[in-house]
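See below for the structure under consideration.
The values are calculated or read from the model by the stated rules, or taken from the named source; none is laboratory data. Bear in mind that the values here come from a model prediction, so they are computed numbers and not experimental data. Virtual Cβ from ideal backbone geometry, glycine too; neighbours counted across all protein chains shown. For the accessible areas, the whole protein counts, side chains as well, though only heavy atoms, and no ligand, DNA or RNA atoms are used. Shrake-Rupley method; radii C 1.70, N 1.55, O 1.52, S 1.80 Å.
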Amino acid sequence: MIRKKPITKEAALLKMADLCARGEHCAFEIREKLRKMQLAASDANEIVEYLEENRYIDDSRFARAFARDKVKFSGWGKNKIRMALAMKRIPSAEISSALEEIDPEEYMAVAVNAAKAKARNLDLSDYNDKGKLYRHLASRGFEGSVISKAIQSIV
């Protein structure tokens, strides 16, 4: 097995700064990358602190961008976004703030489009098929009230 040469603190800082400059990342993701590089925990903490002080990393900015992108491009509901952000160890206050910034009209349109796409293969006059559609939308992370409205709008 080939052993990797350990990375220096300065090289890791440059690598993470470059990564953060190209796209939004949260502190947890950066810590994980530094851990995989086998960097000492104290050095990793110093790097993350530097990146936060210089605004390369901002968890609230990351949460807002993540939520907005997941609704717009992936068609996720708020429940799924909340769980994904929690897995990235974003504080719950910042998660709630990010979810409040989602445009309600756009969110409802995404839910209706997801319902229409799934309903093409279903007979919505059948109770079991409506249940399948409801479960599908719930698995995409939409709340019950949004699911009900989306189903009513396409029936």
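Take Leu124 and tell me if it is more than 30 Å from Leu13 (Cα to Cα), surrounded by 14 or more Cβ atoms within 10 Å (Cβ to Cβ), among the hydrophobic types (A, V, I, L, M, F, W, C) and at pLDDT 95 or above. Step through it out loud before you land on a result.
Numbers: more than 30 Å from Leu13 (Cα to Cα): yes; surrounded by 14 or more Cβ atoms within 10 Å (Cβ to Cβ): yes; among the hydrophobic types (A, V, I, L, M, F, W, C): yes; at pLDDT 95 or above: no.
For Leu124, the condition - more than 30 Å from Leu13 (Cα to Cα), surrounded by 14 or more Cβ atoms within 10 Å (Cβ to Cβ), among the hydrophobic types (A, V, I, L, M, F, W, C) and at pLDDT 95 or above - is not met.
If you check Tyr50, Tyr56, which single one turns out to be among the hydroxyl-bearing types (Ser, Thr, Tyr), open to solvent by 40 Å² or more (accessible area, probe 1.4 Å) and outside any helix (DSSP H, G or I)? Give the derivation first.
Working: Tyr50 fails: outside any helix (DSSP H, G or I).
After ruling out the rest, the residue left standing is Tyr56.
Of all residues being of a type in the set (A, V, I, L, M) and not in a helix (DSSP H, G or I) in the range 12-42, which is least open to solvent (accessible area, probe 1.4 Å)? Just the residue, please.
Once the filter is applied, the top-ranked residue is Leu39.
Hey, any hits in the range 106-116 for a residue that's surrounded by 13 or more Cβ atoms within 10 Å (Cβ to Cβ), aromatic (Phe, Trp, Tyr) and under 25 Å from Ala21 (Cβ atoms)?
Within the range 106-116 (the criterion being surrounded by 13 or more Cβ atoms within 10 Å (Cβ to Cβ), aromatic (Phe, Trp, Tyr) and under 25 Å from Ala21 (Cβ atoms)), the answer is no, since none of the residues qualifies.
What are the pairs with Cβ atoms under 7 angstrom where one residue, in the range 65-80, is more than 14 Å from Val146 (Cα to Cα) and the other, located anywhere, is in a helix (DSSP H, G or I) and among the hydroxyl-bearing types (Ser, Thr, Tyr)? Sequence gap at least six, or different chains.
none
Does Arg89 satisfy being more than 30 Å from Ala117 (Cα to Cα) and in contact (Cβ under 8 Å) with a residue 40 or more places away in the chain? Before you say what the answer is, go through the steps one by one.
Working: more than 30 Å from Ala117 (Cα to Cα): yes; in contact (Cβ under 8 Å) with a residue 40 or more places away in the chain: yes.
So Arg89 passes the test.
Scan the range 130-154 residue by residue and report those that are within 15 Å of Ala117 (Cβ to Cβ), loosely packed, with under 13 Cβ neighbours inside 10 Å and not hydroxyl-bearing (Ser, Thr, Tyr).
Arg135
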